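One structure is given below, encoded as structure tokens.
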Amino acid sequence: MSKKIAVLPGDGIGVEIVAQAVKVLNCLKNEFDLDIEMEEGLVGGAAYDDSGSPLPEATLKLAIESDAILLGAVGGYKWESLDIAVRPEKGLLGLRSELELFANLRPAILYPQLAHASTLKEGVVSGLDIMIVRELTGGIYFGQPRGVRILENNEKQGFNTLIYKESEIERIAHVAFETAMKRNKRLCSVDKANVLECTELWREVLIRISKEYPEVELTHMYVDNAAMQLVRAPKQFDVMVTTNMFGDILSDCAAMLTGSIGMLPSASMDKNQKGMYEPIHGSAPDIAGQDIANPLATILSVAMLLRYSLSNEALALKVESAVESVLNKGLRTVDIYTDGDTKIGTDAMGDAVVAALMA
Ligand code: NAD
């Protein structure tokens, strides 16, 4: 039966990069018998402009009815002064929580062709291949109570709540251990158990679940050390698992090891392998509409979609090798360009990946 993919371009460069990913999906559909149908929806600032909500009912319905969601990015200067309840980012957080996409998989892979594009020494990063598993629907980003209150002396006080139930930690732990089993069987859990009781519980649950995965070597690291180790000796890591906020920060740090934020895909999964796939970067309003954004993170997100939600490893590998072949030809968007490469735009990069698929 045909699988349904919800296509949500969002804002800024989201529109341009998702158009390239859709070219790739259409090529797979028309030339490689991928049985899919795609339907577009509005999310983020574009949705707010259209209906006053960053996550309209119609988009949520489309996302719920689909087997997978391909998302660009949301946000931009235009919507920064809106009330927080209707800001574009609420559309994204709403999708993650409504669909219970609790497991965020963020690979940080350094393509050998881009080793020189990293700000770190080539020897430190070449061969890098880390998978960060971030808890996505709990922790301090969702915890209640939250807000800004007025104290008796009229001073304002901001507050948020870091909160995790055992069951929330257990399910992300299982995803992390399963991921490690498919890789090099090393899992590093990142917490701040020396200061935060909530992550003391995190550590306790990870140790308990580890008994079910005797082949996986589990280690623990405090988040401040993990940040340092990621830039000091990143190749020591195989799979890392951590809370929502720590994962947010560490995965962006890991992204920069690879040279450009424009290269990294992500998957956010529920317990049934339904997932939302998106590049890890934002809507980049500074470069939107100029045909210079790198669409490869979004195209690589299509590969993750094929692998995890459509169980089509063969086509996932095909997309990944098409991206490699484009890099081998020296074709580069401006963010990954160095002297001697051929500089091309967003649209041409999408066409180049399609041409590589057909070659
Ligand atoms: P950003 O990731 O959009 O941009 C950071 C820098 O990286 C910018 O200089 C941008 O030009 C560059 N960049 C990003 N993607 C690129 C690509 N594909 N090719 C080339 N260069 C690229 O982060 P930001 O500037 O902090 O945020 C901009 C907007 O995006 C904000 O409104 C923010 O809230 C939103 N945002 C959305 C998401 C999401 O939708 N998942 C994630 C992060 C930020």
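The values are calculated or read from the model by the stated rules, or taken from the named source; none is laboratory data. Here the structure is a predicted model, which means the values were calculated and not measured. Methodologically, a virtual Cβ is constructed for each residue, glycine included, from the backbone with ideal geometry; neighbour enumeration extends over all protein chains shown. Accessible surface areas use protein heavy atoms only, side chains included; no ligands, DNA or RNA. Shrake-Rupley method; radii C 1.70, N 1.55, O 1.52, S 1.80 Å.
Tabulated values for the structure
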{"item": "Helices (runs of 4 or more DSSP H) wholly inside the stretch 158-275 containing at least 2 residues that are at positive phi", "result": "none"}
{"item": "Test for Val239: is it over 24 Å from Ile280 (Cα atoms) and hydrophobic (A, V, I, L, M, F, W, C)", "result": "no"}
{"item": "Among (1) touching a residue at least 60 places away in the same chain (Cβ under 8 Å); (2) within 16 Å of the ligand (Cβ to nearest atom); (3) open to solvent by less than 10 Å² (accessible area, probe 1.4 Å), the one test that Thr242 misses", "result": "(2)"}
{"item": "Qualifying residues in the stretch 27-39 (those that are surrounded by 14 or more Cβ atoms within 10 Å (Cβ to Cβ) and within 16 Å of Tyr277 (Cβ to Cβ)) - the one nearest to the chain's Cα centre (by Cα)", "result": "Met38"}
{"item": "Residue match in the stretch 92-102 (condition: of a type in the set (Lys, Arg), assigned to a helix (DSSP H, G or I), touching a residue at least 24 places away in the same chain (Cβ under 8 Å) and open to solvent by 50 Å² or more (accessible area, probe 1.4 Å))", "result": "no"}
{"item": "Single unsatisfied condition, Gly127 versus (1) part of a loop (DSSP other than H, G, I, E, B); (2) within 16 Å of the ligand (Cβ to nearest atom)", "result": "(2)"}
{"item": "Members of the stretch 103-124 found to be of a type in the set (A, V, I, L, M, F, W, C), over 30 Å from Lys61 (Cβ atoms) and part of a strand (DSSP E or B), listed by number", "result": "Ala108, Ile109"}
{"item": "Unmet criterion (only one of (1) in the same structural domain as Tyr308 (by TED's automatic domain parsing); (2) surrounded by fewer than 18 Cβ atoms within 10 Å (Cβ to Cβ); (3) over 29 Å from Asp341 (Cβ atoms)) for Arg146", "result": "(1)"}
{"item": "Residues that are within 12 Å of the ligand (Cβ to nearest atom) and open to solvent by 60 Å² or more (accessible area, probe 1.4 Å), drawn from the stretch 290-334", "result": "Gln290, Asp291, Val334"}
{"item": "In the stretch 59-82, residue surrounded by the fewest Cβ atoms within 10 Å (Cβ to Cβ) [restricted to those that are within 15 Å of the ligand (Cβ to nearest atom) and more than 22 Å from Asp248 (Cβ to Cβ)]", "result": "Ser81"}
{"item": "Residue match in the stretch 142-150 (condition: in contact with a strand residue (DSSP E or B) (Cβ under 8 Å, 6 or more places away or on another chain), under 22 Å from Tyr308 (Cα atoms), of a type in the set (Gly, Ala, Ser) and away from the ligand (no atom under 16 Å from the Cβ))", "result": "no"}
{"item": "Candidate set from the stretch 245-258 (those that are open to solvent by less than 10 Å² (accessible area, probe 1.4 Å) and within 12 Å of the ligand (Cβ to nearest atom)); member that is farthest from His116 (Cα to Cα)", "result": "Ser251"}
{"item": "Qualifying residue in the stretch 170-185 (condition: under 17 Å from Phe246 (Cα atoms) and more than 19 Å from the chain's Cα centre (by Cα))", "result": "no"}
{"item": "Residue match in the stretch 274-282 (condition: away from the ligand (no atom under 14 Å from the Cβ) and open to solvent by 10 Å² or more (accessible area, probe 1.4 Å))", "result": "yes"}
{"item": "Unique residue being open to solvent by 20 Å² or more (accessible area, probe 1.4 Å), of a type outside the set (A, V, I, L, M) and in contact with a Phe, Trp or Tyr (Cβ under 8 Å, 6 or more places away or on another chain) when the list is Glu212, Glu204, Glu197", "result": "Glu212"}
